[in-house]
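Visitor: Below is a structure I'd like to ask you about.
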Amino acid sequence: MLSAAAYMPLCPLLGFLILLAFGRRIGIKYSGIVATVAVAASFVLAAISWTGLLGISSSKREITQSLFTWLPVGSLQVKVAFLIDPLSITMCLFITFISTMIHLYSIGYMKGERDYVKFFIYLNLFVTAMLVLVMANNMVLTFVGWEGVGACSYWLVAFYFEKESAAVAGKKAFVYNRIGDVGLLLAMFIVFARVGSLDYTTIFAHLSAFSPLTATMLVLALLLAATGKSAQIPLFNWLPGSMEGPTPVSALIHAATMVTAGVYLLCRMSHVLELSAHASLVIAIIGALTAFVAATMASVQRDIKAVLAYSTISQLGYMILAVGAGAYVAAIFLMIAHAFYKALLFLSAGAVSHGLDGERDMGRMGALRKVMPWTTGVFIVGWLAIAGVPPLSAFWSKGDVLDAVFRHYPYLWALALFTAFLTAYYMTRMYTLTFTGEARYDKPGADGAPALHAHEAPWVMRIPLLVLAVGAAGAGLLNLPWVHNFGLEEFLSPVFHGALYNPHEGTSLLWLLAIVDSLVAVGGIAVAWMLWRGKVSAANLEPDFLTHDWYWDDLYDTVFGRPGTALALFSATTIDEKILDGAVNGVGSLAVQSAQRLRRIQTGQVRQYALLITGGMAALLVFILMRVF
Amino acid sequence: MSIPSSWYLILAALLFGIGALGVLIRRNVLIMFMCIELMLNAATLTFVTFSRTLNDIGGQADVFFILVVAAAEVVVGLGIVVAIFRRRSTADADEISSMEG
Amino acid sequence: MSSMMVLATSMTIPDILVFVTGALMILVGAAGVIVAKNPVHSALCLVLTLFGVAVLFIEQQADFLAAVQVIVYAGAVVVMFLFVIMFLGVDRTEDVHDEPLMGQRPLAIGLVLVLVGSIVALGSEAKWSGGSHSVVGINQGPYQNVANLGKAIFTTYLFAFEITSALLVIAVVGAVVLARRSMITNAPRTDSLGNPLGATTDFEGADR
């Protein structure tokens, strides 16, 4: 049964190839089905592998399946091989499941698009790359998947490439990712220099090869990679821009899967993270700060997808914070729950805008609950889940994270708690603006846009929404604190052995924290309800500083953008034209000029040639004379 | 038999030098040719001197062949001069300089 | 000069006299060749030089060569020179005062002096091979010069001898061709009927 695992990335790859070769011929009607079936097949294989893994005793759940040797270079043997252990199977399971749901949704959402087939081609390729990333048994193959998802993200964000803003956003996403990739490369170099091999199992067996300083540098390099991929400070600006892509893309890539790759990498290298306490502190600080900053930015957005984008950054900050506090299982738990409810929220936002012919400004929505009951229902589930209202999934998962942080870094716990309050606040604001209040969509817009007619989403879009709603609500069941025999923690603990917090201690403390979490969540909802009920905009609640993203983009533009452009211009005009072209042309003109000077010897005068001959003869004789004397 | 061969050799060197000087200085093609003949004669004088010194008839045989070749060379050379003169009506070596760079 | 080999122990007065005469003829003639303005004067000075060389040949017992030198060189080659001088114009003199090329004269004189000086210096310092060892054949014996020379040419150097006779033929043919070409350009291009003589260059086969 376990041998099925190696075929998991193969199914979406096959889908990609089939659509690439025959997509046009198959036609729009069947391409979407082919793509969805491919991803669903890999989900089935994931489930099969999971049952196979369960059949092995928990201490030995670490199987490597090698396909072939890719880079045999002396002592470094890099294979294309998959590591099947609880962590990778967990990731595969929820990745494939959510991908299947989103593929199904896209069949309805992308109907009528000109590039329908291309969309599914990219989506399948993305799932392949993500599976390779998650299942790889060595850092190089992880990097391959890492780059693959980055490339697919670029293609999908710039899907409407004729729009200037979409193309720019695609480039921005890719460049920021690339900056983070430097971190992963540095980490690989450090590991190879110390350990000599890039396989995870070998690395973890040779942890003593890292001195404390090396371990800190390695972890910081990994953190750089994670901030690039998972949109943390200082590389988070790309995620709001990537909302230019179609909504399923935002749901899949920028909520559920690609952005979790950074967290996954850190969890996979958890043994190394344990070696450096300073680096873990840095990780936690970055996570907490990002969560807070992004939550403040989300509180003032007017675009329905932008709120969710900043919310994603904020929730990823929570996950990174958990990793920094050493609570890897909590991070994975939150990742799974977040995948469900964030995908749900994105897809329902997509249903809203699809129903309003593409309108995304919340100022033009309102009272949609009367026209789109199903969408409203699932949105409420997602809203309450993310706010952390018990007994929905985020209450348990975010609660686990906050518990762990409380134990390690109390100050960061306070910050994270305030961020939870803000989370409830901005989600409630989003709900009231969109679904309650007066209907603003059937009046002409502020800039003369015509009135819109709202309609509910078709069934092919509603089914995934409902399934995800069930998941968002019930994902908390995966890791209830009082259930010890089965659950995510038991499943994952062998992977992180020794690094877990112990949830069995201090039950009263746990109850106290749980009550605090619930109060914060409800309080946030209440405050937002009171402030935003019936209102469309409130200037004092939306200060400029926040709407301009704390001027972060402007900061980067001034520090990096303008000097970079100036340097590029200087290089293009001065260095390229004058120095390089001058050197190359100079060689040519040197040849020409020296030839012109040398040709003056050929005067055509016989007597001068005779003179030269005589001169040569005289020189020869003098030379011989020198030798003789 | 009794004159030291060094005298002959010095004489031949002087003759050679005068011939070389003539080639370099005179502009008339025919006179340049005659100076080349002077140089050849200097060589033949040297050959004969060494033939006597080394008691070897090969030196004189070489002179024999030098004579033949010099004659042939003069024939062809003068033919070329005639051909050039027909085209350009000049016998000045400085004027025939079209093969220049 | 002391390391040079001397074949006889004494110099007689007639020897010296003959040598000096021959040397004077050679040098005066050579100087005359390069100094004379009129090419005919140069040719006559060349004859003087050639006679001087012949005298020195006889002095060195190279009788046959002396005769051949006079007959071939002075008799045939210089006559050819004179023919061509007549052809080009007897009174065509060259202006020896002007030297159009820059630095030619000083450089020429300097280099030739270096040349001659180094030849002489090398000759005096070099180590000559001593002793008589004949490679081809001996050179001594009364009235043996022609016989020895003949033996050498027709046995050892037979191949070279044949080649040089071929060379002479080639030279004659070359001279004929060189001299003849310009006559073709003056010849009539069409015959009396108007048909073109010689090869036409029209390969297309157009009707004329």
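Visitor: Only one of A:Val300, A:Val323, A:Val282 is surrounded by fewer than 24 Cβ atoms within 10 Å (Cβ to Cβ) and modelled with pLDDT of 90 or more; which?
Guide: Within the list A:Val300, A:Val323, A:Val282, the selection yields A:Val282.
Visitor: Would you mind stating whether B:Ala61 is free of Cβ contacts under 8 Å to residues at least 40 places away in the same chain and under 25 Å from C:Leu178 (Cβ atoms)?
Guide: Here the answer is no, as B:Ala61 does not meet what is asked.
Visitor: Something else: Any residue at all in region A:12-35 that's closer than 24 Å to A:Leu265 by Cα and part of a helix (DSSP H, G or I)?
Guide: yes
Visitor: Please determine, by comparing only the residues of region B:1-40 that are in contact with a Gly (Cβ under 6 Å, 6 or more places away or on another chain) and within 30 Å of C:Thr12 (Cα to Cα), which one is surrounded by the fewest Cβ atoms within 10 Å (Cβ to Cβ).
Guide: Once the filter is applied, the top-ranked residue is B:Met39.
For every residue, the table says whether it meets (1) under 24 Å from A:Ile463 (Cα atoms); (2) modelled with pLDDT of 90 or more.
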site: A:Leu67; (1), (2): no, no
site: A:Val78; (1), (2): no, no
site: A:Asp85; (1), (2): no, no
site: A:Thr96; (1), (2): yes, yes
site: A:Thr100; (1), (2): yes, yes
site: A:Lys111; (1), (2): yes, no
site: A:Tyr116; (1), (2): yes, no
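Visitor: Only residues that are within 24 Å of A:Ile203 (Cα to Cα) and of a type in the set (Ser, Thr, Tyr): list them for region A:119-178, please.
Guide: The one that is within 24 Å of A:Ile203 (Cα to Cα) and of a type in the set (Ser, Thr, Tyr): A:Thr142.
Visitor: With respect to A:Leu308, is the statement that it is out of contact with any Ser or Thr (no Cβ under 6 Å at 6 or more places or on another chain), crowded, with 22+ Cβ neighbours inside 10 Å and farther than 27 Å from A:Leu185 by Cβ true?
Guide: Yes: the conditions hold for A:Leu308.
Visitor: If B:Ile31 passes every condition in (1) facing another protein chain (nearest Cβ under 7 Å); (2) at pLDDT below 90 but one, which one does it miss?
Guide: Every listed condition holds for B:Ile31 apart from (2).
Visitor: I've got another one for you. Which is touching a residue at least 12 places away in the same chain (Cβ under 8 Å) and either on the phi > 0 side of the Ramachandran plot or among the charged types (D, E, K, R) (or both), of A:Arg533, A:Arg599, A:Arg562?
Guide: A:Arg533
Visitor: Return the only residue of A:Thr547, A:Thr603, A:Thr565, A:Thr574 being of a type in the set (Val, Ile, Thr) and touching a Lys or Arg at 6+ places or on another chain (Cβ under 9 Å).
Guide: A:Thr547
Visitor: Are any residues in region A:597-629 loosely packed, with under 11 Cβ neighbours inside 10 Å and within 10 Å of chain B (Cβ to nearest Cβ), and if so, which ones?
Guide: Within region A:597-629, A:Leu598, A:Arg600 meet the criteria.
Visitor: Next question, about the same structure. Determine whether C:Ala76 is within 8 Å of another protein chain (Cβ to nearest Cβ), at pLDDT 90 or above and closer than 24 Å to C:Val55 by Cα.
Guide: yes
Visitor: Only residues that are surrounded by fewer than 17 Cβ atoms within 10 Å (Cβ to Cβ) and either within 7 Å of chain B (Cβ to nearest Cβ) or at pLDDT below 90 (or both): list them for region C:81-91, please.
Guide: Hits for region C:81-91 are C:Met86, C:Phe87, C:Gly89, C:Val90, C:Asp91.
Visitor: Scan region A:347-366 residue by residue and report those that are in a helix (DSSP H, G or I) and within 19 Å of A:Thr432 (Cβ to Cβ).
Guide: Once the filter is applied, which keeps residues that are in a helix (DSSP H, G or I) and within 19 Å of A:Thr432 (Cβ to Cβ), region A:347-366 yields A:Ser348, A:Ala349, A:Ala351, A:Val352, A:Ser353, A:Gly355, A:Met362, A:Gly363, A:Arg364.
Visitor: Please enumerate the residues belonging to region A:232-246 that are surrounded by fewer than 24 Cβ atoms within 10 Å (Cβ to Cβ) and in contact with a His (Cβ under 6 Å, 6 or more places away or on another chain).
Guide: Those that are surrounded by fewer than 24 Cβ atoms within 10 Å (Cβ to Cβ) and in contact with a His (Cβ under 6 Å, 6 or more places away or on another chain): none in region A:232-246.
Visitor: Being surrounded by fewer than 13 Cβ atoms within 10 Å (Cβ to Cβ), on the phi < 0 side of the Ramachandran plot and touching a residue at least 24 places away in the same chain (Cβ under 8 Å), is that true of even one residue in region A:31-47?
Guide: The answer is no, given that none of the residues of region A:31-47 is surrounded by fewer than 13 Cβ atoms within 10 Å (Cβ to Cβ), on the phi < 0 side of the Ramachandran plot and touching a residue at least 24 places away in the same chain (Cβ under 8 Å).
Visitor: Also, I was wondering about something else. Considering only region A:195-204, I want to know if a residue exists there that is at pLDDT 90 or above and among the acidic types (Asp, Glu).
Guide: Checking region A:195-204: not a single residue is at pLDDT 90 or above and among the acidic types (Asp, Glu).
Visitor: Applying the selection to region B:42-101, what residues are part of a helix (DSSP H, G or I) and of a type in the set (Gly, Ala, Ser)?
Guide: Matches in region B:42-101: B:Ala42, B:Ala43, B:Ser51, B:Gly58, B:Gly59, B:Ala61, B:Ala70, B:Ala71, B:Ala72, B:Gly77, B:Gly79, B:Ala83.
Visitor: Pull up region C:110-132, narrow it to residues that are modelled with pLDDT of 75 or more and more than 7 Å from every other protein chain (Cβ to nearest Cβ), then point me to the one that is farthest from B:Asp56 (Cα to Cα).
Guide: Once the filter is applied, the top-ranked residue is C:Gly110.
Visitor: Report yes if some residue within region B:50-67 is within 26 Å of C:Leu158 (Cα to Cα), of a type in the set (D, E, K, R), facing chain C (nearest Cβ under 7 Å) and within 13 Å of the chain's Cα centre (by Cα); otherwise report no.
Guide: no
Visitor: Which of the helices (runs of 4 or more DSSP H) found entirely inside region A:205-275 contain at least 2 residues meeting this: under 18 Å from the mean Cα position of the chain (by Cα)?
Guide: So the answer is A:212-229, A:238-241, A:247-251, A:260-268.
Yes/no per residue for (1) over 25 Å from C:Leu107 (Cβ atoms); (2) among the aromatic types (Phe, Trp, Tyr):
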site: B:Ser5; (1), (2): yes, no
site: B:Gly19; (1), (2): no, no
site: B:Val23; (1), (2): no, no
site: B:Leu38; (1), (2): no, no
site: B:Phe47; (1), (2): yes, yes
site: B:Thr53; (1), (2): yes, no
site: B:Ile57; (1), (2): yes, no
site: B:Leu78; (1), (2): yes, no
site: B:Ile84; (1), (2): yes, no
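Visitor: Given the conditions (1) more than 10 Å from chain B (Cβ to nearest Cβ); (2) farther than 30 Å from B:Leu78 by Cβ; (3) modelled with pLDDT of 90 or more, report the number of the one that C:Phe159 does not fulfil.
Guide: (2)
Visitor: Test B:Gly77 against the criterion of being more than 7 Å from chain C (Cβ to nearest Cβ) and farther than 17 Å from C:Gln69 by Cα, and give yes or no.
Guide: Judged against the criteria, B:Gly77 is a match.
The values are calculated or read from the model by the stated rules, or taken from the named source; none is laboratory data. All values derive from a computational prediction rather than experimental measurement. Don't worry about glycine lacking a Cβ; one is built from the backbone with ideal geometry, like all the others, and counts go over all protein chains shown.
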